[in-house]
Amino acid sequence: MSGRLRLRGLIFPVLLIALWEISARASHMQSDILAKPSDIAAAALEAFTDGTVFTATLQTLTMAGAGLALGCVIGLTFGILLGLFRTFNRLMEFSIEALRPIPSLALLPIWMLIYGLGYRMEISIVAWATTWPFLVLTRAAVAGVHPRLIEVSRAMGFNLWQRARKIVLPAALPRIFVALRLAVGITLIVSVTMEIAANPFGLGYAIMTAETSLHPATMFALIFWVGIIGWSLSYGLLVLQRHLFAYASHLAEIRNAP
């Protein structure tokens, strides 16, 4: 049944592409901004054949992955500390809520002065953007751990690291995984946007180059490819989440049962 629903979900985009192609051919469209779906498909095939899209994809995913890993470490560390120590959480609350809304691109001039153009600048900005979902959701997840588990860990003489590793993280892991799914989407958005705005690497730069070279078919092919990457990552993480945390949903059903 779920497979049929997924196939039905393709009806609208397929219909939209068909109407796009028909209207473009009927109007004999010649534009430096738009392109027919058939031209976009041909441009995508050429990009995959000569390997340029793979090089750009590898650059983007490398920088995005490094920034995500750094943001994950920072966000998890502070999220656990804030969730475990209420006094520390109250002291940091204003600073977190003041810094968190700052857009990543607003910090671009500062990062350019520190790192210049290149990998380090993009990794730093991605890390900034992904730290916050990890921090906020981890803090909430840790704070939601049953107090008796914390009491048991103290009674057993666990230090902070043992308490976090053996008690807090396993209990909070399902919600932390939600933060990972959210952060992955943010990572791809920030990375491609950064490459369009300032960094001469990756898929964003390839999109910008195609646009300035008046190759709209290549530009749209790359944009659609970014969308496919984002969908693939999101779907893969969703499947992994269902596989890893099926027990959590089962327990929720048992608790909600009359």
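The values are calculated or read from the model by the stated rules, or taken from the named source; none is laboratory data. From a predicted model like this one, the values you see are computed outputs, not experimental measurements. Counting neighbours? That spans all protein chains shown, and the Cβs are built from the backbone with ideal geometry, glycine included. Just so you know, the surface numbers come from the protein's heavy atoms only, side chains and all, with ligands and any DNA or RNA stripped out. Shrake-Rupley method; radii C 1.70, N 1.55, O 1.52, S 1.80 Å.
What the table below lists for this structure:
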read-out	value
Filter result (in a helix (DSSP H, G or I), surrounded by fewer than 16 Cβ atoms within 10 Å (Cβ to Cβ) and aliphatic (A, V, I, L, M)) within the stretch 156-167	Leu160
Qualifying positions in the stretch 104-122 - in a helix (DSSP H, G or I) and either open to solvent by less than 30 Å² (accessible area, probe 1.4 Å) or aliphatic (A, V, I, L, M) (or both)	Ser104, Leu105, Ala106, Leu107, Leu108, Ile110, Met112, Leu113, Ile114, Met121, Glu122
In the stretch 1-18, the residues that are open to solvent by less than 100 Å² (accessible area, probe 1.4 Å) and at pLDDT 65 or above	Gly9, Leu10, Pro13, Val14, Leu15, Leu16, Ile17, Ala18
Residue match in the stretch 185-195 (condition: over 15 Å from the mean Cα position of the chain (by Cα) and under 17 Å from Leu70 (Cβ atoms))	no
Members of the stretch 67-85 that are surrounded by fewer than 18 Cβ atoms within 10 Å (Cβ to Cβ) and in contact (Cβ under 8 Å) with a residue 40 or more places away in the chain	Leu70, Ile74
Condition check for Glu97: surrounded by fewer than 19 Cβ atoms within 10 Å (Cβ to Cβ) and either within 29 Å of Val168 (Cα to Cα) or under 22 Å from the mean Cα position of the chain (by Cα) (or both)	yes
Single match in Ala210, Ala206, Ala179, Ala217 (criterion: aliphatic (A, V, I, L, M), under 22 Å from Ser104 (Cβ atoms), outside any loop (DSSP other than H, G, I, E, B) and modelled with pLDDT under 90)	Ala179
So Val145, is it of a type in the set (Val, Ile, Thr), outside any helix (DSSP H, G or I) and open to solvent by less than 20 Å² (accessible area, probe 1.4 Å)	yes
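Yes/no per residue for (1) open to solvent by less than 40 Å² (accessible area, probe 1.4 Å); (2) under 15 Å from Val73 (Cα atoms); (3) modelled with pLDDT of 80 or more:
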position	(1), (2), (3)
Ser124	yes, yes, yes
Leu135	yes, yes, yes
Glu151	no, no, no
Arg154	no, no, no
Leu169	no, yes, no
